[in-house]
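The values are calculated or read from the model by the stated rules, or taken from the named source; none is laboratory data. Remember, predicted model here, so these are calculated numbers, not experimental data. Heads up, the Cβs are rebuilt from the backbone with ideal geometry, glycines too, and the neighbour counts pull from every protein chain shown. These accessible areas exclude ligands, DNA and RNA; they are computed on the full protein's heavy atoms, side chains included. Shrake-Rupley method; radii C 1.70, N 1.55, O 1.52, S 1.80 Å.
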Amino acid sequence: MLFSPMTLGELELPNRLVMAPLTRVRSGREGVPGPLVVEHYRQRASLGLIVSEGTYPSHAGQGFPGQPGLVTDQQLQGWSEVTAAVHAEGGRIFAQVMHAGRVTHEDTTGGYEVVAPSAIAIDGETRTYEGKKPFPVPRALDTSELPGIIEEFVTASRKAINAGFDGVELHSANGYLLHEFLTPAANQRDDVYGGSPANRARFVIEVAQAVADAIGADRVGIRISPEHNVQGALESDAADVQETYAHLVDALAPLKLAYLSVLHRDPASELVRDLRTRFGGTFLLNSGFGVITTREEAMSIVADGHADAVVVGRPAIANPDLVRRWRDGLPTNEPDPTTFYSDGAEGYTDYPAYQN
C-alpha cells in the first residue's frame, strides 16, 4: 500500500511517501534558493509529495543562517524555479511556512527583534552568522500584534502559491512560534491566548483558518509534534497534552484541510490514534526524528492503518530515488550527518541514484 496512489487535497499522489521538511541552510545570507536548491528538489520529485524546508514568512521569523524565505522578490523567483523543476519531473511540492519565534537570535534575523508568546528564553545556544550564541530572552507579543503575525502567514502562503507551490504546510511543531503558543513551557500569557488548553490552541487555529480562507483549505496542511520535547517546547503532562491537542484538532477538522501531519515516536500510541480519529481527513505520520525510519516500518505504518502516508527525512536526503529503491527492495545510500547543515553540493545533490 505504501506505493499505491492516494488523494491529498486536490492532488493525486502516485505513492504514499512524503519528503519531510528538512532544514538544509543552502540559500545564503539573502535566503534565496539558487540552482543547487533547484537541483536538490528536482532530484526527489518521484516522492508522492515534497514538503520544502521551513521558509520564513517575515525577517523576524528567520531561524537559521542560510534559511530560505518567502518574503523578497528574489526569494520568490528562486522558489519559482524550484517548483517549475519539480513539476517538470511530474512531482508535487508544498512550502512549509515556519516562523521561528524564540528559536533564533537577532544576529540571524538581521537585527529584527526576537518575539514569542512569553518572555521565556530557551536554555541553550543557537547558530548565528556570528557564531554560536545563547538564545536571547524574547519579547512577549502583545495581543494587538497577533493579527499582524497571522497576516504574515497569510501573505507568505499567498506568495508561495504565486511561486508555483501546490500548497503550504503550517509549521506548528518542534518548538517554533505556533508550537510555542501550544506548550505551557513557552506560553505563560494571561490573555485569551494563554492559560487553558483551549486558549493556548487559539492562535494556531486562527492562523490555520486565515490561511485556509486565503488560499483554499485543500491547499493547506499543518504539522504538529505532541510530546516531542525539543527546543524548550516541553510537554510532559500527558493529560494536558491530550486536552490541548484534542481541542486543536477538533477545531481544525471542520476546516477540511489537505492533511494533518504528526511527528511522534510511537505511531500506534493512543494519542496518535485519537488525533487521527478526531481529524477525520488525510493523516500523515513521521516517526523517525530520533531514529531513521526504515522501509519495513514505513510499509507497516500504512498497512496497519496508522496513517494514509509516511513522512520520511534522512532516507530522502540520501536517496533521491527512494521510491524506486524501497519499492523494488534495492540497496540504499547512507546519509552523512556531517553534511546536513553545510554548504555546497556535498551531501546535498551528490547522492547517486541506483545504477542497474
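Tabulated values for the structure
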quantity: Test result for T104, assigned to a helix (DSSP H, G or I) and buried (at least 21 other Cβ atoms within 10 Å of the Cβ); calculated: no
quantity: Search result, residues across the range 263-287 that are under 15 Å from G313 (Cβ atoms) and free of Cβ contacts under 8 Å to residues at least 40 places away in the same chain; calculated: H264, R265, L285, S287
quantity: Residues satisfying the stated conditions in the range 218-242, i.e. small (G, A, S) and open to solvent by 20 Å² or more (accessible area, probe 1.4 Å); calculated: G232, S236, A238, A239
quantity: Failed criterion for E81 (all others in (1) in a loop (DSSP other than H, G, I, E, B); (2) open to solvent by 30 Å² or more (accessible area, probe 1.4 Å); (3) touching a helix residue (DSSP H, G or I) at 6+ places or on another chain (Cβ under 7 Å) hold); calculated: (1)
quantity: P267, sole failed condition from (1) farther than 20 Å from E227 by Cβ; (2) in contact with a helix residue (DSSP H, G or I) (Cβ under 9 Å, 6 or more places away or on another chain); calculated: (1)
quantity: Odd one out for S287, checked against (1) over 20 Å from G54 (Cβ atoms); (2) touching a Pro at 6+ places or on another chain (Cβ under 7 Å); (3) surrounded by 23 or more Cβ atoms within 10 Å (Cβ to Cβ); calculated: (1)
quantity: Test result for P136, under 20 Å from D250 (Cβ atoms) and in a loop (DSSP other than H, G, I, E, B); calculated: no
quantity: Matching residues in the range 196-218 - criterion: being under 16 Å from A185 (Cα atoms) and of a type in the set (G, A, S); calculated: S196, A198, A201
quantity: Unique match (being open to solvent by 10 Å² or more (accessible area, probe 1.4 Å) and either under 14 Å from R26 (Cα atoms) or part of a helix (DSSP H, G or I) (or both)) among A353, A345; calculated: A345
quantity: Unique residue being at pLDDT 95 or above and in a strand (DSSP E or B) when the list is V71, V51; calculated: V51
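Here is a yes/no grid of residues against (1) of a type in the set (V, I, T); (2) assigned to a strand (DSSP E or B); (3) surrounded by 18 or more Cβ atoms within 10 Å (Cβ to Cβ):
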{"residue": "A119", "(1), (2), (3)": "no, no, no"}
{"residue": "T126", "(1), (2), (3)": "yes, yes, yes"}
{"residue": "K132", "(1), (2), (3)": "no, yes, no"}
{"residue": "G148", "(1), (2), (3)": "no, no, no"}
{"residue": "E151", "(1), (2), (3)": "no, no, no"}
{"residue": "T155", "(1), (2), (3)": "yes, no, no"}
{"residue": "K159", "(1), (2), (3)": "no, no, yes"}
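Residues are listed down the side, and each one gets a yes or a no for (1) more than 11 Å from A233 (Cβ to Cβ); (2) modelled with pLDDT under 95; (3) over 15 Å from the mean Cα position of the chain (by Cα); (4) not hydrophobic (A, V, I, L, M, F, W, C):
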| position | (1), (2), (3), (4) |
| --- | --- |
| E125 | yes, no, yes, yes |
| K133 | yes, no, yes, yes |
| T143 | yes, no, yes, yes |
| I149 | yes, no, yes, no |
| S157 | yes, no, no, yes |
| A160 | yes, no, no, no |
| A163 | yes, no, yes, no |
| G175 | no, no, no, yes |
| H179 | no, no, no, yes |
